[in-house]
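Structure record follows, encoded as structure tokens.
The values are calculated or read from the model by the stated rules, or taken from the named source; none is laboratory data. Remember, it's a predicted structure, so these values are computed and weren't measured experimentally. Here the Cβ positions follow ideal geometry from the backbone for every residue, glycine too, while neighbour counts run over all protein chains shown.
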Amino acid sequence: MITSALGIGATVGYYEPWWIQIIKAIVIFAVALNLVPVVLLIERKLLGRFQIRYGPNRVGPYGALQPLADILKLLTKEQFRPRTSVGFLFALAPTISILTAVAAFALIPFGNVQHIFGTRVGLYGVDLSIGPLYLFAFGAIAFYGIMLGGWSSGSKYSFLGAMRGAAQLISYEVSQGLALVGVIFTAQTLSLTGIVRAQGGMWYFIPQFVGFMIFLVASFAETNRTPFDVTEADAELVAGYNTEYGGGRFASYYFAEYLNVLVVSGIVTTVFLGGWLMPFGIHPPGWVDPIVVLTKMSFIVFLFIWIRGTVPRLRYDQIMTLGWKVLLPLATLNALVTAVVVVVTH
């Protein structure tokens with residue numbers, strides 16, 4: 001366990017007793033379950049403002065209960081599947097998407113180790129010494145949620161959408177990983193709490209601005225968000241890999257997509273925006289840490305929504321060209337330059 005000498009950094013490598021970890025797992029799932037409807041409501045409200053129209057304003061005060069109404073509508077619909085589908089895999093695919101998204105969400109540190117009811121508790125699910133590798137491992141598993149969903153549906157449209165999604169995820173995951181290499185070289189650690197601690201002097205989005213932009217653009221593609229949402233291109237593929245899904249299973253895919261937006265926002269906040277650290281060297285009490293992290297995450301989520309309401313969808317060839325011919329060379333060059341600078345300055 002490594003603790004900052006000034007007491008203002010992060011406690012790295014701290015693990016709680018097993019019973020606290022179980023409680024934290026339940027809390028993490030509950031937090032994720034409640035944040036997704038909030039993001040849904042904010043997105044629909046903001047898109048309404050961007051497009052000069054009303055957002056949801058009927059169900060509940062100012063439309064605040066609209067996400068709950070949508071979820072109940074989906075969950076009460078009859079479950080069905082095509083006769084040509086593979087039943088077990090058809091049901092398993094959306095479950096994989098949710099579990100991998102929640103597992104990645106558990107990696108986001110919302111604060112340092114705090115004393116809660118006389119017990120030291122880290123305000124994160126787990127602090128691993130291989131944080132980014134853990135993140136990309138579950139990202140690779142999430143690929144099967146999309147691929148199995150399209151293939152097991154027994155529909156050519158769904159399978160074509162899944163193939164598009166597979167190519168897109170593989171293409172941009174490489175650039176996304178290389179964008180983090182510069183941060184890892186600079187921080188000299190793979191622990192996310194350690195990366196936050198290393199940003200005590202300067203948040204990494206300044207020295208790693210190129211990596212920050214590459215990671216952000218690649219994250220739009222990884223989460224299938226506009227302008228990279230050709231996986232669900234309405235005009236050509238009806239609805240993509242989830243065409244044959246309805247009811248609760250469709251809601252599961254929907255939930256996983258928005259939870260992945262929150263995961264990306266949390267990772268960007270952690271590795272580029274200083275995590276729970278305040279600007280100008282301000283050191284608030286520990287209970288403020290989660291508020292700081294959620295505030296920074298909200299700005300990234302707003303950016304996701306803003307881009308969706310502003311930028312048109314790209315063609316598939318444009319997406320592949322951007323991923324392999326622009327982002328990948330830039331990410332590689334950024335990692336090489338960072339490595340040289342770190343070696344020279346140390």
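With respect to the conditions (1) at pLDDT below 90; (2) part of a loop (DSSP other than H, G, I, E, B); (3) among the aliphatic types (A, V, I, L, M); (4) out of contact with any Lys or Arg (no Cβ under 7 Å at 6 or more places or on another chain), I52 lacks only one, and its number is (1). Of the residues screened, G63 is one that is over 30 Å from A103 (Cβ atoms) and in contact (Cβ under 8 Å) with a residue 12 or more places away in the chain.
Taking region 112-136 as the range and being closer than 28 Å to E222 by Cα, buried (at least 18 other Cβ atoms within 10 Å of the Cβ) and either among the small types (G, A, S) or touching a Cys at 6+ places or on another chain (Cβ under 8 Å) (or both) as the test, the residues that pass are G125, G131.
Candidates in region 151-165 are the residues that are at pLDDT 90 or above and either assigned to a helix (DSSP H, G or I) or of a type in the set (D, E) (or both); of these, the one that is farthest from A218 (Cα to Cα) is S152. Tallying residues that are modelled with pLDDT under 85 and of a type in the set (A, V, I, L, M) within region 209-247 yields 6. Residues of region 184-202 that are among the polar types (S, T, N, Q) and in contact with a strand residue (DSSP E or B) (Cβ under 8 Å, 6 or more places away or on another chain): T189, S191, T193.
For M297, work out the one condition from (1) touching a residue at least 40 places away in the same chain (Cβ under 8 Å); (2) buried (at least 22 other Cβ atoms within 10 Å of the Cβ) it doesn't fulfil. Result: M297 fails condition (1) only. Scanning region 243-257 for residues that are over 16 Å from K73 (Cβ atoms), buried (at least 20 other Cβ atoms within 10 Å of the Cβ) and under 20 Å from the mean Cα position of the chain (by Cα) yields a count of 1.
Filtering region 146-168 to residues that are more than 25 Å from R315 (Cβ to Cβ), crowded, with 19+ Cβ neighbours inside 10 Å and of a type outside the set (S, T, Y) leaves only L148.
For (1) of a type outside the set (S, T, N, Q); (2) under 19 Å from G266 (Cβ atoms), each residue gets a yes or a no:
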| site | (1), (2) |
| --- | --- |
| E43 | yes, yes |
| Q51 | no, no |
| R58 | yes, no |
| P61 | yes, no |
| L72 | yes, no |
| E78 | yes, no |
| A93 | yes, no |
| I108 | yes, yes |
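Scanning region 69-114 for residues that are in contact with a Phe, Trp or Tyr (Cβ under 7 Å, 6 or more places away or on another chain), of a type outside the set (K, R) and under 16 Å from Y241 (Cα atoms) yields a count of 4. A single member of G281, G309, G323, G286 is surrounded by 14 or more Cβ atoms within 10 Å (Cβ to Cβ) and either more than 25 Å from T231 (Cα to Cα) or out of contact with any helix residue (DSSP H, G or I) (no Cβ under 7 Å at 6 or more places or on another chain) (or both), and it is G286. In the set (1) under 30 Å from G122 (Cβ atoms); (2) part of a helix (DSSP H, G or I); (3) modelled with pLDDT of 90 or more; (4) of a type outside the set (A, V, I, L, M), R44 fails one condition alone, (1). Considering (1) crowded, with 19+ Cβ neighbours inside 10 Å; (2) within 21 Å of L259 (Cα to Cα); (3) of a type in the set (V, I, T), the lone condition that T95 does not fulfil carries the number (1). Scanning region 259-278 for residues that are in contact (Cβ under 8 Å) with a residue 40 or more places away in the chain and surrounded by fewer than 22 Cβ atoms within 10 Å (Cβ to Cβ) turns up just one, V268. A single member of Q176, Q168 is in a helix (DSSP H, G or I), polar (S, T, N, Q) and within 14 Å of A104 (Cβ to Cβ), and it is Q176. Sort out which residues of region 57-81 are part of a helix (DSSP H, G or I), exposed (fewer than 15 other Cβ atoms within 10 Å of the Cβ) and not hydrophobic (A, V, I, L, M, F, W, C), and write them in order of number. Result: P61, Y62, K73. Checked against (1) over 17 Å from the mean Cα position of the chain (by Cα); (2) part of a helix (DSSP H, G or I); (3) of a type outside the set (S, T, Y); (4) farther than 21 Å from T100 by Cα, F299 passes all but a single condition, namely (1).
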